[in-house]
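K.L.:
This structure is in structure tokens; I'll ask about it shortly.
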Amino acid sequence: MYKNLSILCVEDEEGVRKPIINTLKYYFGTVYEASNGQEGLDIYHEHKLDIILCDIQMPVMNGMEMIRQIRKDNSSIPIILLSAYNKEEYLMELINLHVQHFILKPINAKNLEEGIFNALQGKHTGSIKLSENSFLDIDNSSLHVEDKEISLSLREVNFLTLLSENRIVHYAEIESELWSDKAMSLDALKSFVRDLRKKLPVQMIENIPQTGYKLLHV
């Protein structure tokens, strides 16, 4: 399925790593493996990788530190984290490191395949940091601004996800992503944004006249 791509799997437990490697070889043309974060970091620097799959708790260098080092060099390579612990323990760290893909152990073929597909398709799951004081919880369809939690519709989540890419999002792209089931009128879009702004405790959405919208950093 991904025979032209390479993947690195970093997992210290051989009994966990080997079955994952065997599954990955079915999908990917090149599969690298490492037993700790330092080995994983060395392989990252030596080879061109398209995606990284790594555990959090490992000897020598843990997964979080490995990702911190990689993110200094590459902010876009998809990274999937594996952990036996609930992601809430690492939530803010994951957001800060731009890791939006998290698989809870024990791992099975289904959740591994779904995680890889989402990562390579650029789909957002988990949480996205919008500013120093706010983050979007995609899985629970909510926005957190300081100590406030705001429930969102699916369309509102998708809209804020588009804006999180820190660029001007044009009307045509909004229509394509949010109104794929029917044509979008400009009045409908303005009404949608107006209703969303009423939900927000701070001004986060800037209108770019005749063009689209962008995110204000609050």
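Where a number appears in this text, it was derived from the coordinates with a stated rule and is not lab data. These figures come from a predicted structure and were not determined experimentally. Methodologically, a virtual Cβ is constructed for each residue, glycine included, from the backbone with ideal geometry; neighbour enumeration extends over all protein chains shown.
K.L.:
Which of 52, 80, 205 moves the most in a Gaussian network model of the chain with Cα springs under 10 Å?
P.N.:
205
K.L.:
From the C-alpha gyration tensor of the range 2-125, pull out the three semi-axes of the equivalent ellipsoid (sqrt of 5λ each), sorted largest to smallest, in whole Å.
P.N.:
Calculated on Cα positions only, the semi-axes equal 18, 16, 16 Å.
K.L.:
Using the Cα centre of the chain as origin and beta-carbon charges of +1 (Lys, Arg) and -1 (Asp, Glu), tell me which of 117, 43, 196 is placed farthest towards the positive end of the dipole.
P.N.:
196
K.L.:
Determine the equivalent ellipsoid of the range 128-215 by diagonalising the alpha-carbon gyration tensor, then write out the semi-axes as square roots of 5 times the eigenvalues, largest first, rounded to whole Å.
P.N.:
Largest first, the range 128-215 gives 21, 14, 12 Å.
K.L.:
Report the local net charge at residue 28: Lys and Arg +1, Asp and Glu -1, summed over other residues whose C-beta lies under 10 Å from its C-beta.
P.N.:
Its environment carries a net charge of +1.
K.L.:
Quick check on my link table: of 48/129; 148/198; 72/105; 105/129; 110/148, which ones sit more than 23 Å apart, alpha carbon to alpha carbon?
P.N.:
As for pairs spanning more than 23 Å Cα to Cα, those are 48/129; 72/105; 105/129; 110/148.
K.L.:
Now for a separate question. Over all directions, what mean area does the Cα convex hull of the chain project, stated in square nanometres?
P.N.:
Projected over every direction and averaged, the Cα hull of the chain covers 13.0 nm².
K.L.:
Quick one: length gained pulling residue 176 to residue 93 fully straight, 0.36 nm per residue minus the C-alpha distance?
P.N.:
Here the segment from residue 176 to residue 93 would lengthen by 26.7 nm.
K.L.:
Continuing with this model, one more query. Between the range 133-187 and the range 41-72, what's the alpha-carbon centroid distance in Å?
P.N.:
31 Å
K.L.:
Can you say what percent of the DSSP beta bridges in the chain, counting only those with both residues inside, are antiparallel? Round to 5.
P.N.:
Bridges in the chain are about 50 percent antiparallel.
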